[in-house]
Amino acid sequence: MLIVMHHHATQEQIDQVIAAVVAMGLLAESIPGSLRTAIGVLGNQGYVDDSTIRTLPGVRETIHVSKPYKMASRDFHPVASVIDVSGVKFGDGQRPVIIAGPCSIENEEQMMVAAEQVKAGGGQMLRGGAFKPRTGPHSFQGLGVDGLKYLQQAGKASNLPVVTEVMRIEQLDAVCQHADMLQIGARNMQNFDLLKEVGRLKHPVLLKRGMSATIEEFLAAAEYILAEGNGNVVLCERGIRTFEKATRNTLDLSVVPLVREMSHLPIIVDPSHATGKRALVPIMTKAALVAGAHGVMMEVHPNPAKALCDGAQSLSGESFAELMKELTLLYDFLGYKD
Ligand code: PEP
Ligand code: MN
């Protein structure tokens, strides 16, 4: 970290900052310049908490050199990670993974039909929410453990690994028993206790980007899981909040190549929650794959008009099959082998 002093900072203020750095068990090196003095902080293992230093008299700004996401970074781990979810692989050199299924598990039959459609279309994983983070308390909240059973059963019947959201630590046991992959939703991306607990498990994790999270915060959230020992993390861009209201969120596609540069973790895209509009899902799926996404997660429902959640952004089984057919042409173009 570099501490930049105001040009009018006194020697006494500079000495006070140096003393504060030393009190933190770190080394401080004064770098006098023609306009102002900077103080280099040395000896830190990772990110330095600058909250005290920033408020000291004479300090203009602090510049971080170390990142808050060491283990998630390419510096620490230059080789791209491949994450295996019950035989389905996410990462460089793998065919993109298509995860599909309804927003919410509604009943046994809906889940079985959805699974058949995902399988028939050529999807590699099945999704479905049993614990739903709804904006209002009067909306369908999910079937809970019964839903997990339907999901697991549908996954087994169609031979597709399943992913489902976990919202609270107390749900972890049940979700781990029924699912191949744990999803941390956008609203929980910074639920640090949940991240730490998931980090102590071996289950692969699909970590969605918070709706107002910067890329740095996104990777720092992944770091919480890695730091506890669980390296099986796949990131998911699902759109961010902007001033634009024409789409549900704004799909930040540039995050895909950027994260691939900054981190070794695979990254996929969710064009359903990113756009909120069924008509935009196929084209944004293709755009995501062209941008280098290691997969796409999209909502598919046997009858979107009757869906209890997110019907407007759900594809029917038929449109999913059509899109998947179109993707084979794109895979040829992108050079993916079978
Ligand atoms: C979901 O994928 O079911 C979901 C709720 O998405 P997000 O957390 O991205 O809003
Ligand atoms: Mn949804």
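The values are calculated or read from the model by the stated rules, or taken from the named source; none is laboratory data. Keep in mind that this is a model prediction, so the values were computed, not measured. Heads up, the Cβs are rebuilt from the backbone with ideal geometry, glycines too, and the neighbour counts pull from every protein chain shown.
Figures for the structure shown
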read-out: Tally, over the range 38-74, of residues that are free of Cβ contacts under 8 Å to residues at least 60 places away in the same chain, surrounded by 14 or more Cβ atoms within 10 Å (Cβ to Cβ), of a type outside the set (Gly, Ala, Ser) and assigned to a loop (DSSP other than H, G, I, E, B); value: 5
read-out: When residues of the range 288-338 are limited to those that are away from ligand 2 (no atom under 16 Å from the Cβ) and of a type in the set (Val, Ile, Thr), the one modelled with the highest pLDDT; value: VAL290
read-out: Of all residues in the range 150-169 being in a helix (DSSP H, G or I) and in contact with a strand residue (DSSP E or B) (Cβ under 7 Å, 6 or more places away or on another chain), the one that is nearest to VAL113 (Cα to Cα); value: ALA154
read-out: Failed condition for VAL256, given (1) within 12 Å of ligand 1 (Cβ to nearest atom); (2) crowded, with 21+ Cβ neighbours inside 10 Å; value: (1)
read-out: Residues of the range 175-198 that turn out to be assigned to a helix (DSSP H, G or I) and in contact with a helix residue (DSSP H, G or I) (Cβ under 7 Å, 6 or more places away or on another chain), as a count; value: 10
read-out: Hits in the range 20-54 - residues which are among the hydroxyl-bearing types (Ser, Thr, Tyr) and over 33 Å from the mean Cα position of the chain (by Cα); value: SER30, SER34, THR37
read-out: Test: residue in the range 278-292 that is outside any helix (DSSP H, G or I), away from ligand 1 (no atom under 16 Å from the Cβ) and crowded, with 24+ Cβ neighbours inside 10 Å; value: no
read-out: Residue check, GLY40 farther than 30 Å from ASN230 by Cβ, in contact with an Asp or Glu (Cβ under 8 Å, 6 or more places away or on another chain) and not assigned by TED's automatic domain parsing to the domain that holds ALA227; value: yes
read-out: Residues (within 15 Å of ligand 1 (Cβ to nearest atom) and either in a loop (DSSP other than H, G, I, E, B) or out of contact with any Ser or Thr (no Cβ under 6 Å at 6 or more places or on another chain) (or both)) located in the range 129-143; value: ALA130, PHE131, LYS132, PRO133, ARG134, THR135, GLY136, SER139, PHE140, GLN141, GLY142, LEU143
read-out: Filter result for the condition that a residue is away from ligand 2 (no atom under 16 Å from the Cβ), modelled with pLDDT of 95 or more and among the hydrophobic types (A, V, I, L, M, F, W, C), over VAL85, VAL41, VAL48; value: VAL85
read-out: Residue in the range 192-215 that is buried (at least 22 other Cβ atoms within 10 Å of the Cβ), at pLDDT 95 or above and among the hydroxyl-bearing types (Ser, Thr, Tyr) present; value: no
read-out: Residue identified as farther than 30 Å from SER51 by Cβ, within 16 Å of ligand 2 (Cβ to nearest atom), assigned by TED's automatic domain parsing to the domain that holds HIS301 and surrounded by fewer than 23 Cβ atoms within 10 Å (Cβ to Cβ) among PRO102, PRO133; value: PRO133
read-out: Filter pass, ALA28 being outside any strand (DSSP E or B) and within 30 Å of TYR224 (Cβ to Cβ); value: no
read-out: Checklist (1) buried (at least 23 other Cβ atoms within 10 Å of the Cβ); (2) touching a helix residue (DSSP H, G or I) at 6+ places or on another chain (Cβ under 9 Å) applied to PHE90, failing item; value: (2)
read-out: From LEU126, LEU172, LEU201, residue being in a strand (DSSP E or B) and either within 15 Å of ligand 2 (Cβ to nearest atom) or in the same structural domain as PHE320 (by TED's automatic domain parsing) (or both); value: LEU126
read-out: Leading residue by the ranking (farthest from THR164 (Cα to Cα)) among those in the range 108-122 that are surrounded by 21 or more Cβ atoms within 10 Å (Cβ to Cβ) and away from ligand 2 (no atom under 16 Å from the Cβ); value: GLY121
read-out: Per-region count, the range 293-338, residues within 16 Å of ligand 1 (Cβ to nearest atom), under 20 Å from ASN107 (Cβ atoms) and not in a helix (DSSP H, G or I); value: 9
